[in-house]
Every structure is written in C-alpha cells, then in structure tokens.
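First the structure, in the form of structure tokens, and then the observations on it.
The values are calculated or read from the model by the stated rules, or taken from the named source; none is laboratory data. In this text the structure is predicted, and so the values were computed from the model without any measurement. Virtual Cβ from ideal backbone geometry, glycine too; neighbours counted across all protein chains shown. Only protein heavy atoms, including side chains, enter the accessible area calculation; ligands, DNA and RNA are left aside. Shrake-Rupley method; radii C 1.70, N 1.55, O 1.52, S 1.80 Å.
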Amino acid sequence: MRLVTFLQNGEVRLGALRTQDGQELIVDLNRAEPRLPASMLDFLAAGQRTQELAVEVLQTAPASAMHERKTVALKAVILNPGKIICIGLNYRDHAAETHQSLPEVPVVFTKYPNTLIGSGEAIVLPRVTQSVDYEAELAVVMGKRGRYITEAEAMDYVAGYSVFNDISARDYQMRTSQWTIGKTFDTFGPFGPALVTADEIADPHALTIRLSIGSEVLQDSNTRELIFSIPQLIAYLSSVMTLEPGDVIATGTPAGVGFTRKPPRFLYAGETVRVEIESIGVLENPVREEA
C-alpha cells in the first residue's frame, strides 16, 4: 500500500494512493471503512490486523470514497511522530565530498514535529538566515515497538518507507558541535508523499535517490552508498531507546548538498525542490520567504 495523510474540508484523513485508468486517485480509507483510525500514527500502532483490513478496504472501496489526487491537500505522512531521528554523514559519497573520515558509529541528531510538511506545502526561508540547504533522504518508519532489536530481526519492525528532505540552516547548524538548532526551523522537514509499506520494496538498499531544482540535478546517488544499513541503524538506536510505531528514521543524505559546492548553492524563494526515490515517490515543495 501507499498510505497518505490528507486534508479535506479542514479534516485530517487517512488515505491510500491508487492508480485507476491512468489516473492517480486517493482512496479515503476512513470513508470506505469507518473502523479504520483517522491518523497514520494510530493506524500503525493498531497493528497487523488493522493493516490487513486496510488492504481489503482498498480493493473494494466505492467510487464515493475516491478523490483525484490534485483535489486534496497532502500533509506530512505522519503529523506528530514520537521521534524524528536523523542520521548524519551516512553516505560514502557525502563523506568524501566533505573530506571527512567514515564514522565508526552513526552520527545522530533530531528534528521535531514543527518541521514537518507534506508534498506541495512550502518550505519557508527564515528571515534570520540566508544559508538554507537541502538534503534528500530515505525515511524509514517503524511499525512495531521494540528495544534491543537485533540486526537479524530489524526489518520485521519496519512499517515502510517514505521520502524526506532534511532542510538545514547551515550557519545555525555550524555554530556549535550540536547540529539540531540548524535543523529545526518550522517547515524544515518535508516528508511524503506517501508511506510505501515494506512489502512493496524488495531491497531498500538499492534505490536511486535524486534531488533537483528545476532542470538542475543536484543530488544523484543510490542507497547502496549508505555507510550504516537500516538494520544496523535500528539495532544501534534501539540499544539506547525504545522505538515505537510511527517513529521516523531519516537515514542520511548523499553527495551534492549545497554548502559543499563552490560557490555554495542554497535555496531561494520561487524555486521548487523535487526529491525522488525509486519505487517510493516524488516529494515536491515550493520555497518562499517568511512573511
């Protein structure tokens, strides 16, 4: 399934993307089956049986529960995850471009729910910085609660995958050794368009990942460049904290980020940032100045 959180008539709904007769539709799962939770977080927490029910509903949903994708507003896949865990310096090609040694353990920082926006929503450039950068990332969404998860069992805990853009104010980020302050401005976490369930992705470590602005391709890599694999990340993180359904792990960004370029390439109002991950989807966000 390709699950989405969308807004209709001011109400947050749980939906699924579906292609029919060449047209992309959103199936309102709550309308098709009122027993299904309205939030993605509650849906994931409800477990396997609820997800199996959603699969059944998607196959039999009436026309009255379907909307053209362009007629509804997509929100961040999960609006209020308990954790947004980000991994820094986790692509070999990115480590090379920043002239840093490969880390011996994952570099971990966090973002907060205030950063999250959906595909189509605007990245807002704060008035206090002119150094706003992009970072295309594969997001892993947890589907089960776990602590001390082994690498061998880690993939059983994954609900699915999505596209993430770790927007960063580089001047704020580099003021101290702790990166979080430069990562947590409002709208600095585009996340979507959909949660693609794990059964649809044969190998998340072999996906093309690309970021472009207009005709300019700025990042073009593959998740095989990951230094720490998804099982390694889950095992490491769960040795410290209990991971919960809906927790998000942004797995790091490949080469091509703006601050490493000469001259640096930051974001400007009027642009649209497009992040695409093979088999998962396209996340697009316009950029605007803060009002």
Item to check | Any chance LEU7 is more than 19 Å from VAL248 (Cα to Cα), touching an Asp or Glu at 6+ places or on another chain (Cβ under 7 Å) and in a strand (DSSP E or B) | outcome: no
Item to check | Every pair of residues 6+ apart whose Cβ atoms lie under 6 Å, when the first sits in the stretch 114-140 and is under 16 Å from VAL77 (Cα atoms) while the second is assigned to a strand (DSSP E or B) and open to solvent by 30 Å² or more (accessible area, probe 1.4 Å) | outcome: SER119/GLU284; ALA122/PRO286; ALA122/ARG288
Next on the checklist: Residue pairs, Cβ under 8 Å, 6 or more apart or interchain, first in the stretch 182-195 and open to solvent by less than 10 Å² (accessible area, probe 1.4 Å), second basic (Lys, Arg). List them.
Outcome noted: GLY182/ARG170; GLY182/ARG175; LYS183/LYS111; PHE188/LYS111; GLY189/LYS111; GLY192/LYS75; ALA194/ARG2; LEU195/ARG2
Item to check | Residue, least open to solvent (accessible area, probe 1.4 Å), within the stretch 33-65, restricted to residues that are in contact with a Lys or Arg (Cβ under 8 Å, 6 or more places away or on another chain) and part of a helix (DSSP H, G or I) | outcome: ALA65
Next on the checklist: Looking only at the stretch 87-103, how many residues end up being in a loop (DSSP other than H, G, I, E, B) and surrounded by fewer than 18 Cβ atoms within 10 Å (Cβ to Cβ)?
Outcome noted: 6
Checklist entry - Which residue pairs have Cβ atoms under 6 Å apart, sit 6 or more places apart or on different chains, and have a first residue in the stretch 20-46 that is of a type in the set (A, V, I, L, M, F, W, C) and a second that is open to solvent by 50 Å² or more (accessible area, probe 1.4 Å)? => result LEU25/ARG18; ILE26/ARG69; VAL27/ARG18
Next on the checklist: Here is a check on your reading of the model: is GLU24 open to solvent by 30 Å² or more (accessible area, probe 1.4 Å), over 20 Å from the mean Cα position of the chain (by Cα) and over 28 Å from THR223 (Cα atoms)?
Outcome noted: no
Checklist entry - Restricting the stretch 66-75 to residues that are part of a strand (DSSP E or B) and either in contact with a His (Cβ under 6 Å, 6 or more places away or on another chain) or not small (Gly, Ala, Ser) (or both), which is nearest to VAL4 (Cα to Cα)? => result LEU74
Next on the checklist: Conditions first: (1) more than 20 Å from the chain's Cα centre (by Cα); (2) open to solvent by less than 10 Å² (accessible area, probe 1.4 Å). GLU151 passes all but one, so which condition is the exception?
Outcome noted: (2)
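The rows are residues; the columns are (1) at pLDDT below 95; (2) open to solvent by 30 Å² or more (accessible area, probe 1.4 Å); (3) farther than 24 Å from LEU207 by Cα.
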{"position": "ILE123", "(1), (2), (3)": "no, no, yes"}
{"position": "PRO126", "(1), (2), (3)": "no, no, yes"}
{"position": "GLN130", "(1), (2), (3)": "no, yes, yes"}
{"position": "TYR134", "(1), (2), (3)": "no, no, no"}
{"position": "VAL140", "(1), (2), (3)": "no, no, no"}
Checklist entry - Within the stretch 157-178, is there a residue that is open to solvent by 30 Å² or more (accessible area, probe 1.4 Å), at pLDDT 95 or above, outside any loop (DSSP other than H, G, I, E, B) and under 30 Å from VAL27 (Cβ atoms)? => result yes
Checklist outcome for this item: Flagged pairs (Cβ under 7 angstrom, 6 or more apart or on separate chains; first in the stretch 152-163, in contact (Cβ under 8 Å) with a residue 12 or more places away in the chain; second among the basic types (Lys, Arg)) are TYR157/LYS144
Item to check | One residue from SER229, SER279 being open to solvent by 10 Å² or more (accessible area, probe 1.4 Å), of a type outside the set (D, E, K, R), touching a His at 6+ places or on another chain (Cβ under 8 Å) and farther than 15 Å from ASN165 by Cβ | outcome: SER229
Item to check | Boolean, PRO204 is modelled with pLDDT of 95 or more and either open to solvent by 60 Å² or more (accessible area, probe 1.4 Å) or over 27 Å from GLY15 (Cβ atoms) (or both) | outcome: no
